[in-house]
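The values are calculated or read from the model by the stated rules, or taken from the named source; none is laboratory data. Keep in mind that this is a model prediction, so the values were computed, not measured. Cβ placement follows ideal geometry from the backbone for every residue including glycine, while neighbour counts extend to all protein chains displayed.
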Amino acid sequence: MLRRTRRPRGAAEDSVVTQYLGDTSALSRWGLEPVKARLDPLLRRGLISICDATEYEMLFTARDHAEREQLKSVMIPAFPWVPMGDNVFADVLDLQQRLTQHGKHRCASMVDAMLAVVAAREGLTILHYDRDFATIAEVTGQPVEWVVEPGTV
């Protein structure tokens with residue numbers, strides 16, 4: 001199982017660093033300077049993980065077979081992996097129920113809901129550039145962070 005917190009080299013004993021589950025909304029903007037400045041140090045320290053849902057979305061962005069293969073062979077292996085776990089779909093339906101009770105069930109695609117469930121199970125913060133995760137967090141209380149301020153890229 002993935003460690004939920006990590007102390008960076010040379011940090012004090014009581015220092016804890018956030019570990020993230022990356023969403024495609026953040027990762028697909030890596031080429032933009034403010035996003036790159038935020039993500040590069042996190043990746044170097046192994047603090048951004050992905051799961052099957054992230055991989056699916058990242059591969060969906062490929063414009064052709066060659067780009068898909070490049071993503072699959074170069075980018076995706078750069079990240080620590082978080083398993084989706086058992087009964088993820090049942091938990092996604094539970095999340096949808098909670099969102100529906102708050103009138104916010106149309107905010108989350110199934111992939112976003114899967115990512116939210118996995119992050120909550122693993123104690124990870126979702127790193128995103130998507131208002132839907134802020135809405136999910138309003139209902140679940142789980143930690144989420146914008147990769148950069150909304151509206152800046």
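Which of the residues that make up the stretch 12-44 are over 16 Å from the mean Cα position of the chain (by Cα) and part of a loop (DSSP other than H, G, I, E, B)?
The answer is 12, 13, 14, 15, 16, 31, 32.
Quickly run through the stretch 90-124 and pick out the residues that are more than 20 Å from residue 49 (Cβ to Cβ) and among the β-branched types (Val, Ile, Thr).
The answer is 100, and nothing else.
Looking at the structure I just gave you, is residue 136 in contact with a helix residue (DSSP H, G or I) (Cβ under 8 Å, 6 or more places away or on another chain), among the aliphatic types (A, V, I, L, M) and modelled with pLDDT of 95 or more? Give the derivation first.
Details: in contact with a helix residue (DSSP H, G or I) (Cβ under 8 Å, 6 or more places away or on another chain): yes; among the aliphatic types (A, V, I, L, M): yes; modelled with pLDDT of 95 or more: yes.
So residue 136 fits the description; yes.
Quick one: residue 118 ticks every box in (1) at negative phi; (2) at pLDDT below 95 bar one, so which box is it?
The number of the failed condition is (2).
Considering only the stretch 55-136, give the helices (runs of 4 or more DSSP H) lying wholly within it that have at least 1 residues that are touching a residue at least 60 places away in the same chain (Cβ under 8 Å) and surrounded by 12 or more Cβ atoms within 10 Å (Cβ to Cβ).
The helices (runs of 4 or more DSSP H) meeting that bar are 110-122.
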